[in-house]
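> Structure in structure tokens, see below.
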Amino acid sequence: MSSPEVSPTPEVEQAPHVPVTVIESREDYLLAVAAIAAGTGPIAIDAERASGFRYSQRAYLIQIFRRDAGTFLFDPPAIGSFSELNDVIREEEWILHAASQDLSCLREVGLDPTRLFDTELGARLAGLPRVGLGTVVEELLGIHLAKEHSAADWSTRPLPQSWLVYAALDVELLVDLREIMGAMLEADGKSQIVEEEFAAVLARDLKPVREQPWRRLSGMHSIRGLRNLAVARELWQARDEYAREIDTAPGRLVPDSALVAAARTLPATKRDLVGLKEFTGRASRSQIDRWWGAIQAGLVTDDLPVVRTPGETIPPPRVWADKNPDADRRLKAARAAISEVSVSLNIPLENLLTPELLRRLSWNPPAEIDPAAISAALEELGARPWQIDATAQSIGEAFVEAAQPIQSSAEDPS
């Protein structure tokens, strides 16, 4: 079934908004909780952080809208725990845009939903070409939503009125957006799909602990030698500890490129480090003793890192043709097969089945290539039931087809 058509609406200027205030006291917060409890329908909620400015990913503003209650903007550092609000709204449906970005910081203050509608993920599953909040609102509601403050430092106090209006509008349109999008998804027969996807978002560990996070330094591929890697690790750890201490985004102190340049060149003296033109950043000189100490620690440590970390990683697909030709054929055939499924369902390929999951299945397929075995392997890898139903048959057929040249060659008596 096709999605209901959305009548094009001429672009209009964003309407003036009434002045917005921030709730900062426990007394006003509890009054707001009572008002929200008296409202009707789902809870539209959003959070603003200070990514790129602060080390922490805490919420510095939380916005809530509910029909028959209104819009409320809360100052989380001033209020503290939101347990009373959570008790009131926990069992209601919460509407967020790109929920995975905000759920962690909401949970930090005691806000944890049991039901979710993610308008960004919903837009992907509906097959919309662009899924940013501004573009989705414009396409489905015909309203121009300015997004000029999306990368602002929300730890700023006091928050400018223009920022507060921007934050309020982010939630005031979500209920209307959810209703239209929900109707589109239902008309396309995707209600079960979105339910499984939203449940997966709620169940996902959104703050995984990465092993050896220093290896994610941008430009790490240019570093050669175990001693150089040790220096890179010590510099990353020194920067991370200082960034945590002063609650500042690490990259604002010294960029990755500066750490990588120091690790690659291994300056012989502190003066050489200061003179390294790539070693920039607002703390590159004021904390020079810290960085020099990290370099010295890396140069003398006996704990040298390995070039590559052990684990369950598989080679990048570009080398499969040489390292594992069978897997290469399986991957290429399966990609083509599920691309057709993606088009027929009008669901992006990466949402139909993540590329990493398909790579793992292609690299290490089940011993028996049949729908039941493929389905079991997909389930073990973490695919949702709807994904298995949509792709297992096509993947199995693709794997069988990919193996045909090998079988024919083996059976050729010549």
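> Kindly indicate which of Leu174, Leu217 is buried (at least 17 other Cβ atoms within 10 Å of the Cβ), touching a residue at least 24 places away in the same chain (Cβ under 8 Å), closer than 30 Å to Val307 by Cβ and not basic (Lys, Arg). Walk me through it before giving the result.
On the way: Leu174 fails: closer than 30 Å to Val307 by Cβ.
Just a single option satisfies the conditions, and that option is Leu217.
> With respect to Ala268, is the statement that it is aliphatic (A, V, I, L, M), modelled with pLDDT of 95 or more and surrounded by 12 or more Cβ atoms within 10 Å (Cβ to Cβ) true? Reasoning before the result, please.
Working: aliphatic (A, V, I, L, M): yes; modelled with pLDDT of 95 or more: yes; surrounded by 12 or more Cβ atoms within 10 Å (Cβ to Cβ): no.
When the stated conditions are applied, Ala268 does not pass them.
Yes/no per residue for (1) of a type in the set (D, E, K, R); (2) in a helix (DSSP H, G or I); (3) crowded, with 17+ Cβ neighbours inside 10 Å:
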{"site": "Arg178", "(1), (2), (3)": "yes, yes, yes"}
{"site": "Met181", "(1), (2), (3)": "no, yes, yes"}
{"site": "Ala199", "(1), (2), (3)": "no, yes, no"}
{"site": "Ala232", "(1), (2), (3)": "no, yes, yes"}
{"site": "Trp236", "(1), (2), (3)": "no, yes, yes"}
{"site": "Tyr242", "(1), (2), (3)": "no, yes, yes"}
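> Which residue out of Leu253, Leu226 is aliphatic (A, V, I, L, M), out of contact with any strand residue (DSSP E or B) (no Cβ under 9 Å at 6 or more places or on another chain), within 28 Å of Asp102 (Cα to Cα) and in contact (Cβ under 8 Å) with a residue 12 or more places away in the chain?
Details: Leu226 fails: within 28 Å of Asp102 (Cα to Cα).
Answer to the selection: Leu253.
> Return the residues of the range 51-96 that are under 13 Å from Asp112 (Cα atoms) and hydroxyl-bearing (Ser, Thr, Tyr); say none if nothing qualifies.
The answer is Ser81, Ser83.
> Then there is this: Read through the list (1) hydroxyl-bearing (Ser, Thr, Tyr); (2) out of contact with any strand residue (DSSP E or B) (no Cβ under 9 Å at 6 or more places or on another chain); (3) under 17 Å from Ala37 (Cα atoms), then give the number of the only condition that Ser155 fails.
Tallying (1) hydroxyl-bearing (Ser, Thr, Tyr); (2) out of contact with any strand residue (DSSP E or B) (no Cβ under 9 Å at 6 or more places or on another chain); (3) under 17 Å from Ala37 (Cα atoms), Ser155 fails exactly one: (3).
> So how many residues does the range 117-158 have that are loosely packed, with under 15 Cβ neighbours inside 10 Å and either of a type in the set (A, V, I, L, M, F, W, C) or in a helix (DSSP H, G or I) (or both)?
2
> Which of (1) touching a residue at least 24 places away in the same chain (Cβ under 8 Å); (2) part of a helix (DSSP H, G or I) does Lys207 not meet, given it meets every other one?
Single failed check for Lys207: (2).
> If you don't mind, another one. Restricting to the range 34-52, and then to whatever is surrounded by fewer than 18 Cβ atoms within 10 Å (Cβ to Cβ) and touching a residue at least 12 places away in the same chain (Cβ under 8 Å), can you tell me which residue is farthest from Glu93 (Cα to Cα)? Give the derivation first.
The initial filter retains those residues of the range 34-52 that are surrounded by fewer than 18 Cβ atoms within 10 Å (Cβ to Cβ), namely 34-35, 37-38, 40-41, 51-52.
The next check asks that each one be touching a residue at least 12 places away in the same chain (Cβ under 8 Å); those that pass are 35, 37-38, 40-41, 51-52.
Numbers: Ala35: 17, Ala37: 13, Ala38: 15, Thr40: 11, Gly41: 8, Ser51: 27, Gly52: 30 Å.
Among those that are surrounded by fewer than 18 Cβ atoms within 10 Å (Cβ to Cβ) and touching a residue at least 12 places away in the same chain (Cβ under 8 Å), it is Gly52.
> With the requirement that a residue be in a helix (DSSP H, G or I) and acidic (Asp, Glu), what does the range 324-368 give you? Before the answer, list the steps.
Going through the range 324-368, the residues in a helix (DSSP H, G or I) turn out to be 325-345, 349-352, 355-363.
Asp326, Asp328, Glu340, Glu350, Glu356 - these are the residues of the range 324-368 that are in a helix (DSSP H, G or I) and acidic (Asp, Glu).
> Do we have Ser162 as surrounded by fewer than 15 Cβ atoms within 10 Å (Cβ to Cβ) and either of a type in the set (S, T, N, Q) or outside any loop (DSSP other than H, G, I, E, B) (or both) here?
Working: surrounded by fewer than 15 Cβ atoms within 10 Å (Cβ to Cβ): yes; either of a type in the set (S, T, N, Q) or outside any loop (DSSP other than H, G, I, E, B) (or both): yes.
When the stated conditions are applied, Ser162 passes them.
> List every residue pair whose Cβ atoms sit under 7 Å apart, with the two residues 6 or more apart in sequence or on different chains, where the first one lies in the range 177-204 and is not assigned by TED's automatic domain parsing to the domain that holds Gly382 and modelled with pLDDT of 95 or more and the second, anywhere, is of a type in the set (Ser, Thr, Tyr) and surrounded by 20 or more Cβ atoms within 10 Å (Cβ to Cβ).
Leu177/Thr119; Arg178/Thr119; Met181/Thr119
> Consider the range 315-347. How many of its residues are among the β-branched types (Val, Ile, Thr) and without any contact (Cβ under 8 Å) to a residue 12 or more places away in the chain?
Step one: of the range 315-347, the residues among the β-branched types (Val, Ile, Thr) are 319, 338, 341, 343, 347.
Narrowing the set further to residues that are without any contact (Cβ under 8 Å) to a residue 12 or more places away in the chain leaves 319, 343.
Going through the range 315-347 one residue at a time, the tally reaches 2.
> Considering only residues that are of a type in the set (S, T, N, Q) and assigned to a loop (DSSP other than H, G, I, E, B), which ones fall in the range 249-269? If you could, list the steps in order and put the result at the bottom.
First, the residues of the range 249-269 that are of a type in the set (S, T, N, Q): 257, 265, 269.
Across the range 249-269, the qualifying residue is only Thr269.
> Is it true that some residue in the range 326-341 is farther than 30 Å from Leu125 by Cβ, at pLDDT 95 or above, surrounded by 12 or more Cβ atoms within 10 Å (Cβ to Cβ) and not acidic (Asp, Glu)?
yes
> While we're on this one: Just checking, which of Leu96, Leu61, Leu106, Leu73 is touching a residue at least 40 places away in the same chain (Cβ under 8 Å), buried (at least 19 other Cβ atoms within 10 Å of the Cβ) and more than 22 Å from Ser162 (Cα to Cα)?
On the way: Leu96 fails: more than 22 Å from Ser162 (Cα to Cα); Leu61 fails: more than 22 Å from Ser162 (Cα to Cα); Leu73 fails: more than 22 Å from Ser162 (Cα to Cα).
Matching residue, one of Leu96, Leu61, Leu106, Leu73: Leu106.
Per-residue answers, yes or no, for (1) assigned to a helix (DSSP H, G or I); (2) over 30 Å from Val343 (Cα atoms); (3) assigned by TED's automatic domain parsing to the domain that holds Asp188; (4) in contact with a helix residue (DSSP H, G or I) (Cβ under 7 Å, 6 or more places away or on another chain):
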{"residue": "Val33", "(1), (2), (3), (4)": "yes, yes, yes, yes"}
{"residue": "Ala44", "(1), (2), (3), (4)": "no, yes, yes, yes"}
{"residue": "Gly52", "(1), (2), (3), (4)": "no, yes, yes, no"}
{"residue": "Thr71", "(1), (2), (3), (4)": "no, yes, yes, yes"}
{"residue": "Glu91", "(1), (2), (3), (4)": "no, yes, yes, no"}
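> If the requirement is being farther than 30 Å from Leu353 by Cβ and more than 17 Å from the chain's Cα centre (by Cα), which of these qualifies: Leu145, Leu128, Leu140? So that I can check it myself, show each step before the final result.
Numbers: Leu128 fails: farther than 30 Å from Leu353 by Cβ; Leu140 fails: farther than 30 Å from Leu353 by Cβ.
The conditions single out Leu145.
The values are calculated or read from the model by the stated rules, or taken from the named source; none is laboratory data. Note that the structure is predicted; figures quoted are calculated from it, not measured. Here the Cβ is made from the backbone with ideal geometry for all residues, glycine too, and neighbour counts use every protein chain on show.
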